[in-house]
Amino acid sequence: MNEDLHNEVEAINSIYGNDTLISTEGEGIFILRLPQQDSSLRLRFPQDYPSAPPAVLGTQSSGEHTRKGEAAHAVEIFRNVLGRIFHPGEVCLFDVIEEVNNVLPNEIEAPAEDLELDAHPTPEYSSNAMSDVDQPPWTISDVVIELKSVFVARSGPVASPEEAKQFLQQLLDSDKKVRSATHNITAWRIKGMNGVTFQDCDDDGETAAGGRLLHLMQLMDLWNVMVVVTRWYGGHQLGPKRFSIINSVARDAFVKAGIVNEGSATGKKGNR
């Protein structure tokens with residue numbers, strides 16, 4: 001197992017649980033238990049991963065509560081997402097799992113044939129659909145691992161302090177692994193009506209981390225955006241280095257969201 005794959009296995013198991021991605025006796029073959037699903041998949045990682053993508057060999061287990069055909073459908077969705085997300089030289093499994101988790105629950109709970117039979121949804125269904133639209137459009141950073149601590153950041157546009165708090169609460173309510181993390185450090189900066197500005201941060205137990213995140217956003221001149229940096233503690237003290245990693249993943253989320261130039265130290269492309 002090369003270092004990139006070793007680090008990714010550690011990251012996936014730190015985030016989703018120790019038995020999420022486990023190796024088998026076969027060379028490069030792993031069992032992936034899909035979070036939030038009953039199905040598990042067999043994956044083969046080539047020796048030169050991530051220069052070459054993993055292969056989805058098929059279903060390992062469909063789970064006792066899985067309906068007929070759902071496991072095969074999960075394999076198909078996983079392959080499609082992997083084909084879209086994989087870029088040579090970049091580990092991809094976290095992004096693939098997150099995308100599959102977003103796709104599968106909706107498709108499994110509301111199959112196309114069921115929706116065709118219900119051409120006129122009830123007002124309650126319409127209300128749920130609107131709720132889905134209102135979910136924050138998070139942009140997720142690359143995962144960083146340091147001495148078994150795992151860091152990942154999410155950034156998203158916000159228009160008011162109330163919306164920022166609502167988005168954070170929605171994230172914690174809807175994502176068990178984020179809710180169970182050691183820290184969820186947040187910061188936001190917002191320009192309101194009549195030139196009124198709002199900015200705030202929360203360390204969530206990681207002393208001074210929120211203020212450093214907010215200072216980073218000030219240096220970047222970012223407005224109408226929030227960031228949540230999640231850390232799962234790995235059992236080893238990182239000292240001041242943890243602040244560098246927290247800001248690094250936050251900046252990566254801003255870059256991926258297109259609100260700051262990748263090559264810029266301060267980034268003057270933010271939402272204003």
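The values are calculated or read from the model by the stated rules, or taken from the named source; none is laboratory data. Just so we're clear, the structure is a prediction, and the values are computed from it rather than from any experiment. Reconstructed Cβ throughout: ideal geometry from the backbone, glycine too, with neighbour counts over all protein chains shown.
Which ones in segment 31-47 are within 22 Å of Pro88 (Cβ to Cβ) and touching a helix residue (DSSP H, G or I) at 6+ places or on another chain (Cβ under 7 Å)? Explain how you work it out, then say what you get.
Let us first name the residues in segment 31-47 that are within 22 Å of Pro88 (Cβ to Cβ), namely 32, 41, 43-47.
Across segment 31-47, the qualifying residues are Leu41, Phe45.
Out of the helices (runs of 4 or more DSSP H) lying entirely within segment 45-147, which hold 3 or more residues that are more than 16 Å from the chain's Cα centre (by Cα), at pLDDT below 80 and hydroxyl-bearing (Ser, Thr, Tyr)?
Values: elements: 70-85, 93-109, 112-117, 123-133.
The helices (runs of 4 or more DSSP H) meeting that bar are 123-133.
Condition first: surrounded by fewer than 14 Cβ atoms within 10 Å (Cβ to Cβ) and small (Gly, Ala, Ser). Now tell me which residues in segment 159-177 satisfy that. Give the steps one after another, and end with the answer.
Quick first cut of segment 159-177, residues surrounded by fewer than 14 Cβ atoms within 10 Å (Cβ to Cβ) only: 159, 162, 169, 173-174, 176.
Once the filter is applied, which keeps residues that are surrounded by fewer than 14 Cβ atoms within 10 Å (Cβ to Cβ) and small (Gly, Ala, Ser), segment 159-177 yields Ala159, Ser174.
If you check Ala181 against the conditions, is it closer than 29 Å to Gly17 by Cα, modelled with pLDDT of 95 or more, within 14 Å of the chain's Cα centre (by Cα) and surrounded by 11 or more Cβ atoms within 10 Å (Cβ to Cβ)? Full working, then the answer.
On the way: closer than 29 Å to Gly17 by Cα: yes; modelled with pLDDT of 95 or more: no; within 14 Å of the chain's Cα centre (by Cα): yes; surrounded by 11 or more Cβ atoms within 10 Å (Cβ to Cβ): yes.
Spelling it out, it is not the case that Ala181 is closer than 29 Å to Gly17 by Cα, modelled with pLDDT of 95 or more, within 14 Å of the chain's Cα centre (by Cα) and surrounded by 11 or more Cβ atoms within 10 Å (Cβ to Cβ).
Could we say that Arg231 is in contact with a strand residue (DSSP E or B) (Cβ under 9 Å, 6 or more places away or on another chain), farther than 16 Å from Val144 by Cα and touching a residue at least 24 places away in the same chain (Cβ under 8 Å) here?
It is false that Arg231 is in contact with a strand residue (DSSP E or B) (Cβ under 9 Å, 6 or more places away or on another chain), farther than 16 Å from Val144 by Cα and touching a residue at least 24 places away in the same chain (Cβ under 8 Å).
State the number of residues belonging to segment 1-43 that are in a helix (DSSP H, G or I) and under 16 Å from the mean Cα position of the chain (by Cα). So that I can check it myself, show each step before the final result.
Here is the first cut: in segment 1-43, the residues in a helix (DSSP H, G or I) are 3-16.
Within this subset, residues satisfying the condition of being under 16 Å from the mean Cα position of the chain (by Cα) are 8-16.
Residues flagged as in a helix (DSSP H, G or I) and under 16 Å from the mean Cα position of the chain (by Cα) within segment 1-43 amount to 9.
Among the residues of segment 36-45, is any of a type in the set (Lys, Arg) and farther than 30 Å from Arg231 by Cβ? Please lay out each step first, then the result.
In the first step, residues of segment 36-45 are kept if they are of a type in the set (Lys, Arg); the result is 42, 44.
Within this subset, residues satisfying the condition of being farther than 30 Å from Arg231 by Cβ are 42, 44.
Yes; the residues of segment 36-45 include at least one that is of a type in the set (Lys, Arg) and farther than 30 Å from Arg231 by Cβ.
Is it fair to say Phe167 is modelled with pLDDT of 90 or more, aromatic (Phe, Trp, Tyr) and part of a strand (DSSP E or B)?
Numbers: modelled with pLDDT of 90 or more: yes; aromatic (Phe, Trp, Tyr): yes; part of a strand (DSSP E or B): no.
No.
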